[in-house]
Amino acid sequence: MNVTLRGRTEHFRTVAFDAQKNSVLLIEQRLLPHEFKIIGTKDFRETARAISDMIVRGAGAIGATAAYGLAQGARAFRGGDLKKFSAHVDLVFKTLAAARPTAVDPVNAMNDVRREMACGETVAEKQSLALAAAEEFANEDARHCEEIGRHGAKLIRNGMKILTHCNAGWLAFVDTGSATAPMYAAQAQGKNFHVFCDETRPRSQGATLTAWELAQQKISHQIIADNAAGHLMQRGEIDLVIVGSDRVLGRTGEVANKIGTYTKAVLAARHKIPFYVAIPCSTIDWKMKRGDDIPIEERHENEVLGAWGINTRGQREYLRVANPTSSARNPGFDVTPAELITGIITPAGIFKTSEVWKRRRKLGFVD
Ligand code: MRU
């Protein structure tokens with residue numbers, strides 16, 4: 001998307017690759033909205049750390065990062081021994097897959113890359129196929145988000161007030177975003193609407209990232225405390241909810257997304273407000289059979305016990321907020337049952353959760 005900094009507008013992708021330096025280029029998202037900076041990782045281990053430390057985050061963005069990371073690791077291999085190369089690629093795959101467990105996109109993305117690599121006969125061929133496949137994953141992610149926008153924009157009418165949770169914007173993908181794509185497309189069609197961004201504690205991706213994105217794109221918006229949505233719904237101030245997802249079960253339609261999504265879905269159902277989930281095909285898990293089996297990442301308690309911000313000297317600082325002797329529990333995601341979801345906005349159209357499995361061929365299912 002376009003970013004305007006000090007009066008200059010430039011187009012950026014969240015994730016890119018420098019082939020000469022064999023480096024994955026990432027927007028340092030922990031610094032946003034206070035500083036815009038691109039970093040480059042020097043090897044696949046550093047790329048995996050960038051995912052687990054959340055320099056890059058969001059399902060599609062970590063999918064593309066893992067795809068590039070796999071290519072980066074494969075390209076760093078020296079020699080022509082195919083057996084040793086394959087063992088090395090396995091290690092790279094496992095390291096990147098372990099970086100964050102809930103989103104399925106990194107594993108789907110790396111499987112795409114490995115499938116393409118299998119067509120090469122030499123190490124050199126496999127290395128170059130790996131990079132081409134990673135580039136293709138990133139390009140497809142961007143294309144899918146555009147398509148999500150095209151389909152989802154139909155849901156947005158003039159004057160609507162839309163709630164979104166966490167950041168499923170372009171920073172969570174390679175470009176455009178999933179939950180924000182219908183908003184950007186509706187804006188391009190000249191529609192006026194207002195977005196409420198859930199703050200999204202503990203890491204505040206709504207208050208920092210989504211709000212920054214919407215401000216950059218000049219979309220009318222306000223940040224609300226996570227606990228405010230029920231009140232606004234009760235007063236008729238929310239007409240539509242659009243969120244993203246880190247893993248949608250293709251067999252059941254259950255949706256894993258940032259902690260607090262389930263609460264919003266229950267509230268939306270209570271108030272008969274349409275609740276949509278926007279995803280590219282790489283977010284669908286076709287194998288898993290039960291939402292209870294989705295691995296839910298538990299993050300460090302300090303995220304709950306305090307908060308990061310900018311101090312008066314402009315430096316990034318962590319402040320302890322909670323009672324000093326208390327500990328905290330910090331599950332990063334929850335699972336929303338299919339019956340609470342009005343529809344899934346995909347690159348192939350908008351489907352009921354019960355239709356996803358039937359439409360699996362259209363949605364990229366491979367046997
Ligand atoms: O922990 P994060 O920031 O990587 O969480 C992912 C998310 O941003 C959300 O869950 C989002 O709604 C889905 S990712 C497109």
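The values are calculated or read from the model by the stated rules, or taken from the named source; none is laboratory data. Just so we're clear, the structure is a prediction, and the values are computed from it rather than from any experiment. Methodologically, a virtual Cβ is constructed for each residue, glycine included, from the backbone with ideal geometry; neighbour enumeration extends over all protein chains shown. Surface areas here come from the heavy atoms of the whole protein model, side chains and all, with no ligands, DNA or RNA. Shrake-Rupley method; radii C 1.70, N 1.55, O 1.52, S 1.80 Å.
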When you go through (1) assigned by TED's automatic domain parsing to the domain that holds residue 247; (2) in contact (Cβ under 8 Å) with a residue 60 or more places away in the chain; (3) surrounded by 12 or more Cβ atoms within 10 Å (Cβ to Cβ); (4) assigned to a loop (DSSP other than H, G, I, E, B) one by one for residue 364, which number turns out not to apply?
-> (1)
How many residues are of a type in the set (Lys, Arg) and under 15 Å from residue 75 (Cβ atoms) when one looks only at the range 86-105?
-> 0
Can residue 301 be described as within 16 Å of the ligand (Cβ to nearest atom), in contact (Cβ under 8 Å) with a residue 40 or more places away in the chain and more than 26 Å from residue 160 (Cβ to Cβ)?
-> no
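Every residue, every condition in (1) closer than 26 Å to residue 349 by Cβ; (2) open to solvent by 10 Å² or more (accessible area, probe 1.4 Å); (3) out of contact with any Cys (no Cβ under 9 Å at 6 or more places or on another chain); (4) at pLDDT 95 or above, yes or no:
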position: 98; (1), (2), (3), (4): no, yes, yes, yes
position: 105; (1), (2), (3), (4): yes, no, yes, yes
position: 108; (1), (2), (3), (4): yes, yes, no, yes
position: 118; (1), (2), (3), (4): no, yes, yes, yes
position: 130; (1), (2), (3), (4): no, no, yes, yes
position: 139; (1), (2), (3), (4): yes, yes, yes, yes
position: 150; (1), (2), (3), (4): yes, yes, yes, yes
position: 156; (1), (2), (3), (4): yes, no, yes, yes
Give the range 192-206 a look and list any residue that's more than 16 Å from the ligand (Cβ to nearest atom) and open to solvent by less than 50 Å² (accessible area, probe 1.4 Å), or say none.
-> 193, 194
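Applying the selection to the range 315-329, what residues are assigned to a loop (DSSP other than H, G, I, E, B) and closer than 21 Å to residue 54 by Cα?
Those that are assigned to a loop (DSSP other than H, G, I, E, B) and closer than 21 Å to residue 54 by Cα: 315, 328, 329.
Let's see how each residue does on (1) within 23 Å of the chain's Cα centre (by Cα); (2) within 25 Å of residue 205 (Cβ to Cβ); (3) not aliphatic (A, V, I, L, M):
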| site | (1), (2), (3) |
| --- | --- |
| 328 | no, yes, no |
| 335 | yes, yes, no |
| 343 | yes, yes, yes |
| 357 | yes, no, yes |
| 363 | yes, no, no |
Might you let me know whether the range 246-269 holds any residue that is more than 12 Å from the ligand (Cβ to nearest atom) and under 30 Å from residue 10 (Cα atoms)?
-> no
Could you say whether any residue in the range 5-27 is part of a helix (DSSP H, G or I), at pLDDT 95 or above and in contact with a helix residue (DSSP H, G or I) (Cβ under 7 Å, 6 or more places away or on another chain)?
-> no
Candidates 129, 91, 96, filtered to the one that is in a helix (DSSP H, G or I), over 14 Å from the mean Cα position of the chain (by Cα), within 16 Å of the ligand (Cβ to nearest atom) and hydrophobic (A, V, I, L, M, F, W, C) | 96
Only one of 209, 232 is away from the ligand (no atom under 12 Å from the Cβ), of a type outside the set (Val, Ile, Thr) and open to solvent by less than 50 Å² (accessible area, probe 1.4 Å); which?
-> 232
